[in-house]
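Taking it in order: structure first as C-alpha cells, then the write-up.
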Amino acid sequence: MVSNPYFSLAVLFVAALGFGLAPLGMAWLWARIYSPKKPNTVKNAIYECGLESKGDAWVQFRSAYYLYAIIFLIFDVEAVFLLPFAVAFTGLGVAACVSMLVFVLMLVEGLAWAWAKGILTWA
Amino acid sequence: MAVDNELKIELGKQGVFVTTIQELYNWGRRSSVWPMQFGLACCAIEMIATTMARYDLARFGAEIFRPSPRQADLMIISGTVTKKMAPQVVRLYNQMGEPKYVIAMGACAISGGPFKQGYNVLKGIDRYIPVDVHIPGCPPRPEALIQAFMTLQKKIDEQSLTGADRPRHLDAEAQCEFPVPEPGEHDLEPTSNPGVWTVPVVIR
C-alpha cells in the first residue's frame, strides 16, 4: 500500500480534511458545552431585515407575463444555444442541423406571435 | 487565574508562553468583532469614515461589516433612533447571535440629542437594549468611535467564563429575549424595557 504512487496523495487528503473539520468540530463542541441555546420566535424569524414578514411566499403571478418569457427565450436563451452550434458547425451532420432548424423555427414562431401581439413596438 | 502576571512576564522573557482558555477565548472574541452594517443618521457617515483607509478600523479586526444580523457581533447605533425605527432596531438586536454588544454612537443614540423634544424621537436606545459603550458627540469623530472599540475590547477581555458575572451567552438562566416595542396610539408600547432600563424619578 505504501508503494502505491497515490499513497502520499491520500495522506495529504486526510490531513486536509482534518485541517478543515477539526476547527469546525471544536467550535461545535465549545458551543455545545458552554453556550446554551435560547431560541425564540423573534430570533428565529426568517426575514433578516428588521421587519416582520407578512403573507405567503407562494404568490401568483399574472399569466400575461408569458410574453416576456417568450421574448426572453428568443433573444437570450436562443443565443446561448446558437453559439456552440455555430462554433461546431463544420463538424456537424445533417441530423444536428435539422434539429437546430426545428429549434430556431419554434422560436421564430414565438417571435411572430409576439410581433402579432404588438409588444415589439415601443408605445 | 492560575498563573500570576509577574511570573507570566518572567516566563515570557525566557521564551515560555503560558495562557488560560479564558484569555485565549477573549482574545479571539475581541480581535474579531464584526459590526452590523446599518446606519441610522449622520453618525453613520463618521462610522463609514472610520472603516476607510485613513482611520482604518481593520487594525482592530472589526472592518467586516455584516449585512445580516446572524453574522454580526456588534451593533453600532449610529444616529437618531426614531420611534418608527426603534422596533426594527430591537428586532435586529434580537436576531443577532450571542455574544453581542452595542455601541450607542452620538448624542441621539444616547438620549435623543438635539431632537430630544421631538414627538417622534426615541430618547435613547438603552430604553430597549443593553448598551455596552456610549460615545458622546454630535457626531463623534472617528477617533471617538475607535476609542469606543478599544473600550469594548477591554470590556470583552475582562469578562470571565465562569462565576456569577459571566456574560449572558454562557449563562443558561440569563434572559436573552428583548421585547420588541409596538407603535401605540401616542408612543411606543411598552415605552421602555424594565429589564434593562429603569425610569428615572424626576424631582421637581
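Quick notes
- Longest site-free stretch - chain A; sites: trypsin sites (Lys or Arg not before Pro), DSSP loop, at most 15 other Cβ within 10 Å: A:63-123
- Our helix-only sum for chain B, with -39,500 (n - 2.57) per DSSP H run of n ≥ 4 divided by its residues, gives a mean residue ellipticity at 222 nm of -8500 deg cm²/dmol.
- Among B:I45, B:I76, B:I203, B:I135, the order by Cβ neighbours within 10 angstrom, fewest to most, reads B:I203, B:I45, B:I135, B:I76.
- Peptide A:29-38 is shielded by partner chain Cβ atoms: per residue, an average of 4 of them sit within 10 Å of its Cβ.
- Taking a straight Cα-Cα cut-off under 25 Å and skipping sequence neighbours fewer than 8 places away in the same chain, the lysines within cross-link reach of B:K100 are A:K37, A:K38, A:K43, B:K83, B:K84, B:K123, B:K154, B:K155.
- Global geometry of region A:47-86, whether rounded, prolate or oblate, following the gyration tensor of its Cα atoms and the 1.5 cut on a/c: oblate
- At least 20 Å along the helix axis (C-alpha) and Kyte average at least 0.5, DSSP helices within chain A: A:7-34, A:94-117
- Net length available on complete extension from A:R32 to A:S3 is 6.2 nm, with 0.36 nm assigned per residue and the Cα-Cα distance removed.
- Residues A:C97 and B:D187, FRET efficiency given R0 of 51 Å [Cβ-Cβ distance, rounded to 0.05]: 0.10
- Taking the centroid of alpha carbons for each part, region B:74-100 and region B:152-172 are 21 Å apart.
- Reported to the nearest whole Å, the Cα centre-to-centre distance from region A:41-71 to region B:124-149 is 37.
- Residues B:Q14 and A:A57, FRET efficiency given R0 of 56 Å [Cβ-Cβ distance, rounded to 0.05]: 0.35
- Shape of region B:94-192, Cα gyration tensor, a/c cut at 1.5: oblate
- Neighbour-limited loop hits for trypsin sites (Lys or Arg not before Pro), region B:1-96 (at most 15 other Cβ within 10 Å; DSSP other than H, G, I, E, B): B:R54, B:K84
- Averaged over the residues of B:78-89, the number of partner chain Cβ atoms lying within 10 Å of the residue Cβ comes to 1.
- FRET efficiency, 1/(1 + (r/R0)^6) with R0 25 Å, evaluated for A:A15 and B:R59 via beta carbons: 0.15
- Shape of the protein assembly as shown, Cα gyration tensor, a/c cut at 1.5: oblate
Values in this text are rule-based calculations from the coordinates and carry no lab data. A quick note: this is a predicted structure, and the numbers were derived from the prediction, not measured. Every residue, glycine among them, receives a Cβ derived from its backbone with ideal geometry; neighbour counts consider all protein chains shown.
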